[in-house]
Amino acid sequence: MYKLTQSITMNTKKHLSLVLLGMIIVLPLLTTSCFKKGEDDPFFSMYTRKARVTGKWDITNMESIIKTTYGNDVQIRTTTTVDGLAWERYIEILNTDSTRLIIGEVIEGRNFVYFDREGIYRQTYEYQYTIEQPIGDDEGLLMTQYRIFEEASGTWNFLGNIDDYKNKERMAIVIEESKQITQILTMEINEDSEETPTWSLDSTYSTAIKYANGQYCTIWELDMLKKKEIHTRQNINYFYQGTVQGIGGPYFEVGTVLQTLKRQP
């Protein structure tokens, strides 16, 4: 009887030792970074927030609503939406009846965000749209296509629990350099012509801007952070002062940008 009791006691101690060992191994992995932060986050994830963010992401959906106020008090509201490869921009000059709708498309594989584990950030955004104009009286159509490539690079890091935000609920994106290339192509369509119409490059415009450290920073709220999907929100509130060959002036931008990111395979 004594030997049986002793055997049970030894087995119990061995079992408890294994449980404690398992807890010692697992508990450090179950950091608060694995628990819910954003409004639509999963309650718990086996991946840390840094592991969930790191990687290359397609921008599958976007809604950007920006109101721009110029020095002459002219206000323009620009609503840009992306749904897969569909791209659309609606422009309104406020307090007037002037509006414009432009429909285009995103260039497949060229619309993504990259977060490096060491804090490197890069975003590429490329789209195109076409404007049709009649030529004379029923002489045909002049097609003008705009192809816009935008790229931003810099660094990223999580923000702490500031104000009502939890630790690592937001990200700071510091832009160090931005580039934009716009190609304008034209094509004439005339039913009387026997030639097959083709696109011809009309002109190319490019700009590149480098920013001092911290000069251009934006905050992304992580409404949902999963291993394969991220929902972000940006509150825009910028003041710009810029001129090109003496033309231009100050203007303000306020609004919001919502994005859905899907992890690339």
Checklist entry - Are any residues in region 61-86 more than 16 Å from Asn235 (Cα to Cα) and either basic (Lys, Arg) or not in a strand (DSSP E or B) (or both), and if so, which ones? => result Gly71, Asn72, Asp73, Val74, Gly84, Leu85
Checklist outcome for this item: Within region 139-166, residues being modelled with pLDDT of 90 or more, closer than 15 Å to Ile219 by Cα and either in contact with a Ser or Thr (Cβ under 7 Å, 6 or more places away or on another chain) or of a type outside the set (S, T, N, Q) (or both) number 8
Item to check | Residues satisfying the stated conditions in region 217-265, i.e. aromatic (Phe, Trp, Tyr) and modelled with pLDDT under 90 | outcome: Tyr238, Phe239, Tyr240, Tyr251
Checklist entry - Scanning for something β-branched (Val, Ile, Thr), surrounded by 11 or more Cβ atoms within 10 Å (Cβ to Cβ) and within 26 Å of Leu85 (Cβ to Cβ), does region 219-226 turn up at least one residue? => result no
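To keep it simple, each residue is scored yes or no on (1) part of a loop (DSSP other than H, G, I, E, B); (2) within 30 Å of Gln75 (Cα to Cα); (3) in contact (Cβ under 8 Å) with a residue 24 or more places away in the chain.
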site	(1), (2), (3)
Glu88	no, yes, no
Asp97	yes, yes, no
Ile102	no, yes, yes
Tyr129	no, yes, yes
Ala152	no, yes, yes
Trp156	no, no, yes
Gly160	yes, no, no
Glu191	yes, no, yes
Checklist entry - Of Thr198, Thr232, Thr207, Thr260, which residue is loosely packed, with under 15 Cβ neighbours inside 10 Å, under 21 Å from the mean Cα position of the chain (by Cα) and among the hydroxyl-bearing types (Ser, Thr, Tyr)? => result Thr207
Next on the checklist: Looking at the structure I just gave you, is Glu177 over 26 Å from Val74 (Cα atoms), part of a strand (DSSP E or B) and touching a Pro at 6+ places or on another chain (Cβ under 8 Å)?
Outcome noted: no
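Given the residues Gln183, Gln145, Gln133, Gln123, which is the only one that is within 18 Å of the chain's Cα centre (by Cα) and either exposed (fewer than 13 other Cβ atoms within 10 Å of the Cβ) or not charged (D, E, K, R) (or both)?
None of the other options fit; the residue is Gln123.
The values are calculated or read from the model by the stated rules, or taken from the named source; none is laboratory data. These numbers were taken from a predicted model, which means no experiment stands behind them. In this analysis, Cβ positions are derived from the backbone assuming ideal geometry, glycine residues included, and neighbour counts consider all displayed protein chains.
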